[in-house]
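Structure first, commentary second.
What follows draws every value from the coordinates through simple rules; no lab data is involved. These figures come from a predicted structure and were not determined experimentally. As a convention, Cβ positions derive from the backbone with ideal geometry for all residues, glycine included, and neighbour counts pool all protein chains shown.
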Amino acid sequence: MSENVTPEPPEAVEPEPAELEPAEPEPAEQEPAEPEPITQEPAEPEPITVAIVDDHSIFRSGLRADLDRRLVVVAEAADVDAAVAAIVETRPAVVLLDVHLPGGAGGGGAEVVRRTIGDVPETRFLALSVSDAAEDVVGVIRAGARGYLTKGSSGDDVSRAVVAVASGDAVFSPRLAGFVLDAFGAAAGEQAEAGDELDRLSAREREVMRLIARGYAYKEVAAELFISVKTVETHVSAVLRKLQLSSRHELTAWALERKLL
């Protein structure tokens, strides 16, 4: 009789521990980013409205193209009557006009100024002409224009003159100021009394002041007085500082008021 063999139960196998995935670190709290500073663009200068009055269309278009972008042409005219109507309608800040214009009563640019200046008191007139005759310069200034340039002036020169006239200055091409000063200032040879302001200037500074006020360029003053351009610049700076003026245009008005030329 065979013995019954009872099989031994298999050894229990302990399960291997499951591998744990490393826990992801919690994200660190981020500080709120500082807002970027707002940089303001420099403000664009206010535009200056301009009317161009000239009987040559090619000159008008060329001048319009040469003007600084700050200057906005709002009207053009080729004769006296059209100019009067355009100026009264558009009321520009500055009118650039020739002194010789067809139409009207034959008074040219001076007639335009006389006929409109009462209706548009805020408008300034700047003559721009090929003529440098004394009668043309004095005539349009007597009518009420604030300056006179010759057509040899560059686009930059005209643009600067328009800005100056719009702000209340008087502007003249070199040497033309002398016509105005002779017409409105003291009689030839008459010497004005020197006040306290004039006493601040040296003899050389007075010479430079008179020439600059008459519209001379620095090079012309240097040649007239046999000094260097650098010396002229130094004298002009001293004159403006001592008289508390900021530009040669103010110097011209200052000298004119005191009948120093």
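Here are the numbers:
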{"quantity": "Inter-label distance, nm, simple model (7 Å from Cα along the C-beta direction), R142/V88", "calculated": "2.5 nm"}
{"quantity": "Modelled FRET efficiency - R0 30 Å, T231 with A134, Cβ distances, 0.05 increments", "calculated": "0.45"}
{"quantity": "Gain upon complete extension [I58, E224; 0.36 nm per residue less C-alpha separation]", "calculated": "56.0 nm"}
{"quantity": "Interchain or long-range residues, amide H under 5 Å from F125's placed H", "calculated": "V95, R146"}
{"quantity": "For segment 230-245, 3J(HN,Hα) per residue [Karplus equation, 6.51 cos²θ - 1.76 cosθ + 1.60, θ = phi - 60°, Hz, x = Gly/Pro]", "calculated": "4, 5, 4, 4, 5, 5, 4, 4, 5, 4, 4, 5, 5, 8, 6, 10"}
{"quantity": "Scattering curve values for segment 196-257, log₁₀ I(q)/I(0), Debye with Cα scatterers, q = 0.22, 0.23 Å⁻¹", "calculated": "-0.82, -0.90"}
{"quantity": "Label-point separation, R70 to R258 (7 Å along Cα→Cβ), nm", "calculated": "3.0 nm"}
{"quantity": "Within segment 223-250, backbone nitrogen closer than 12 Å to the virtual label 7 Å beyond the Cα of S202 toward Cβ", "calculated": "231-232, 234-236, 238-239"}
